[in-house]
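These notes concern the structure reproduced below.
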Amino acid sequence: MSVASDLGSAPLVALVRGALGGGEGTWIAGGAVRDAALGREVNDLDLAVAGDPSSAARAIAREGGGHSFELSAEYATWRAVAANHSWQVDLTALRGETIEADLAERDFTIGAVAVPLGGGEPIDPFGGLADLERRCLRVVGERSFAADPLRLLRAARLAAELGLEVDSGTVALARLEASHAAEPAGERQLAELRQLVGGPDPLRGMALLDELGLTPVVLPELEALRGVEQGPNHHLDVHGHTMAVLERTLEVEADLERFGGERAGELVALLAEPLADEMSRGTALRFGALVHDIGKPATRSEKQGYVTFIGHDNDGVEIVGGLCGRLRASRGLTRHLQGLTLHHLRLGFLVHEAPLPPRRVHEYLRATEPVGADVTLLTIADRLSARGSGALATDEAIEAHLTLARQMLAAALDWRRDGPPRPLLRGDELAAELGLAEGPELGELLVELEAAQYAGEVVDREGALEHLRRRR
């Protein structure tokens with residue numbers, strides 16, 4: 001089948017044709033044409049409209065039982081979306097007087113192909129379909145990146161997502177324009193990074209950011225990790241270790257049964273759970289792998305040949321906050337990544353105490369909430385990536401960490417499902433029984449009560465009171 005035939009058979013195209021009465025003066029362009037050419041299912045459409053996109057968007061929304069809204073006044077773009085978000089259609093007023101002029105303003109040749117909505121052969125003035133056939137990503141023109149520097153990040157993201165090689169001329173042009181990559185609004189940069197890191201090949205995506213000269217501009221905190229040498233437990237510098245942790249995180253994702261056992265399904269559901277900024281917890285975990293050691297350059301110390309990074313977890317929290325602020329990430333995503341950074345060392349400090357008594361498990365779960373399960377998965381990837389010659393890098397030491405991590409994952413999943421124990425005494429009841437006023441001591445006793453209940457040390461109200469009287 002041809003691209004036009006594949007598009008014509010898509011249910012969403014039929015819906016749009018019905019809404020617009022055939023689609024005179026409307027073209028399907030961009031990603032939908034590319035996906036059809038690659039044999040992918042088409043659930044989203046980009047339309048170029050030689051008229052008012054708002055009225056067309058409203059008509060599509062009515063036809064499909066969805067809703068429509070203005071996406072960008074600057075670019076005259078509207079969106080129609082299904083009520084259940086199963087499809088969406090973006091409509092943009094034609095840029096230029098003809099569809100050919102519109103396509104000349106687009107980023108890459110593989111997206112500069114249009115098919116008339118009413119049917120007909122593809123309009124492909126820049127050879128985009130041929131580039132797709134030879135798996136090549138190429139800019140439409142020499143001003144493609146200058147017109148919108150966000151396209152620099154998009155080049156890395158699309159090449160990694162679609163398995164394309166970046167044309168040598170496009171690589172050279174990207175390097176020439178790389179200094180402008182951080183000029184687009186932070187949330188636009190984050191959207192591209194989200195798709196790159198959360199995509200099918202984030203390792204190649206990160207390598208392409210390096211190849212195109214974008215990492216120092218968009219992620220200078222990550223660039224600063226290069227050449228920061230570590231101690232004997234590590235075989236790579238901090239940057240190399242960070243990329244190894246990302247790689248191991250992908251391996252952990254792909255083999256959750258190894259670490260979660262019969263509860264692997266719960267871990268799959270956890271990582272698929274929406275978090276913030278259109279990002280799942282799984283994608284956020286990958287971001288966590290990238291930023292967990294971001295505080296190391298500022299805290300590196302060496303004495304008599306022994307390298308330390310004391311406090312890099314705490315320093316990393318502040319650096320992650322600055323990075324997220326620059327990218328205009330939500331408070332929810334920022335706090336999640338800060339939690340992963342702050343707590344990524346905590347489990348490792350407990351390995352020598354294994355098997356842990358219930359109170360120590362409770363302490364870990366309470367301290368790491370709400371990222372307990374997530375950060376435990378991160379520690380697995382982190383530990384598997386430390387393959388130096390030091391004592392903590394031996395097979396035995398790594399297996400001890402993995403054993404404890406498996407146990408803690410089960411406890412963290414229980415905590416997520418059940419929450420902390422229901423208190424045997426409320427704060428006001430405890431204050432009345434012990435003659436306490438509200439204040440730090442009351443708060444400390446409530447924390448102690450929760451820990452004692454979790455550990456099974458108290459099981460009823462009378463036992464709880466007796467226990468807390470002794471603790472005063």
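The values are calculated or read from the model by the stated rules, or taken from the named source; none is laboratory data. Everything numeric in this text was worked out from a predicted model, so none of it was measured. In this analysis, Cβ positions are derived from the backbone assuming ideal geometry, glycine residues included, and neighbour counts consider all displayed protein chains. These accessible areas exclude ligands, DNA and RNA; they are computed on the full protein's heavy atoms, side chains included. Shrake-Rupley method; radii C 1.70, N 1.55, O 1.52, S 1.80 Å.
Condition first: open to solvent by 40 Å² or more (accessible area, probe 1.4 Å), of a type in the set (D, E, K, R), touching a residue at least 60 places away in the same chain (Cβ under 8 Å) and not in a loop (DSSP other than H, G, I, E, B). Now tell me which residues in segment 220-275 satisfy that.
Answer for segment 220-275, where residues must be open to solvent by 40 Å² or more (accessible area, probe 1.4 Å), of a type in the set (D, E, K, R), touching a residue at least 60 places away in the same chain (Cβ under 8 Å) and not in a loop (DSSP other than H, G, I, E, B): E247, R248, E251, E266.
Here are some residues: W27, W78. Which one is more than 28 Å from the chain's Cα centre (by Cα) and closer than 27 Å to A155 by Cα?
W27 is the lone residue from the list that is more than 28 Å from the chain's Cα centre (by Cα) and closer than 27 Å to A155 by Cα.
Filter segment 276-301 down to the residues that are more than 19 Å from the chain's Cα centre (by Cα) and open to solvent by 40 Å² or more (accessible area, probe 1.4 Å), then identify the one that is farthest from A191 (Cα to Cα).
Looking only at segment 276-301, we keep the residues that are more than 19 Å from the chain's Cα centre (by Cα), and these are 295-301.
Still in the running and open to solvent by 40 Å² or more (accessible area, probe 1.4 Å): 297-298, 300-301.
Numbers: P297: 27, A298: 28, R300: 32, S301: 36 Å.
Selected residue: S301.
Based on this model, can you work out whether G205 counts as in a loop (DSSP other than H, G, I, E, B) and open to solvent by less than 50 Å² (accessible area, probe 1.4 Å)?
No.
Answer with yes or no whether A14 is open to solvent by 10 Å² or more (accessible area, probe 1.4 Å) and touching a residue at least 40 places away in the same chain (Cβ under 8 Å).
Answer is no for this residue.
Can I60 be described as at pLDDT 90 or above, more than 19 Å from E121 (Cβ to Cβ) and in contact with a helix residue (DSSP H, G or I) (Cβ under 9 Å, 6 or more places away or on another chain)?
yes
Assuming A4 fulfils every condition listed in (1) within 24 Å of R135 (Cβ to Cβ); (2) open to solvent by 50 Å² or more (accessible area, probe 1.4 Å); (3) more than 32 Å from the chain's Cα centre (by Cα) apart from one, which condition is it?
Failing condition for A4: (2).
Before we move on, is G51 out of contact with any helix residue (DSSP H, G or I) (no Cβ under 7 Å at 6 or more places or on another chain), in contact (Cβ under 8 Å) with a residue 12 or more places away in the chain and either under 16 Å from L7 (Cα atoms) or assigned to a loop (DSSP other than H, G, I, E, B) (or both)? Give the derivation first.
Numbers: out of contact with any helix residue (DSSP H, G or I) (no Cβ under 7 Å at 6 or more places or on another chain): yes; in contact (Cβ under 8 Å) with a residue 12 or more places away in the chain: yes; either under 16 Å from L7 (Cα atoms) or assigned to a loop (DSSP other than H, G, I, E, B) (or both): yes.
Yes: the conditions hold for G51.
Looking at segment 178-202 only, could you name the residues that are surrounded by fewer than 19 Cβ atoms within 10 Å (Cβ to Cβ) and part of a helix (DSSP H, G or I)?
Result: S179, H180, G186, E187, R188.
Considering A391, A405, A432, A411, which residue is touching a His at 6+ places or on another chain (Cβ under 9 Å) and either among the small types (G, A, S) or within 30 Å of A289 (Cα to Cα) (or both)?
After ruling out the rest, the residue left standing is A411.
I'm trying to understand the selection: among the residues of segment 303-321, which are open to solvent by 100 Å² or more (accessible area, probe 1.4 Å) and under 14 Å from E229 (Cα atoms)?
Hits for segment 303-321 are K303, Y306.
In segment 1-37, which residues are more than 16 Å from T92 (Cβ to Cβ), in a helix (DSSP H, G or I) and of a type in the set (A, V, I, L, M, F, W, C)?
V3, A4, L7, L12, V13, A14, L15, A19, A36, A37
Where in segment 427-472 are there helices (runs of 4 or more DSSP H), lying fully within it, with 1 or more residues that are in contact (Cβ under 8 Å) with a residue 40 or more places away in the chain and either within 41 Å of the chain's Cα centre (by Cα) or under 25 Å from W415 (Cα atoms) (or both)?
Qualifying helices (runs of 4 or more DSSP H): 440-454, 461-471.
Name the residue, out of S9, S54, S72, S2, that is at negative phi and either modelled with pLDDT of 90 or more or of a type outside the set (S, T, N, Q) (or both). Give the derivation first.
Values: S9 fails: either modelled with pLDDT of 90 or more or of a type outside the set (S, T, N, Q) (or both); S72 fails: either modelled with pLDDT of 90 or more or of a type outside the set (S, T, N, Q) (or both); S2 fails: either modelled with pLDDT of 90 or more or of a type outside the set (S, T, N, Q) (or both).
Only one candidate passes the filter, namely S54.
Out of T334, T368, T341, report the one residue that is over 17 Å from the mean Cα position of the chain (by Cα) and in contact (Cβ under 8 Å) with a residue 12 or more places away in the chain.
T368
Has segment 186-198 got at least one residue that is touching a strand residue (DSSP E or B) at 6+ places or on another chain (Cβ under 6 Å) and within 30 Å of A19 (Cβ to Cβ)?
no
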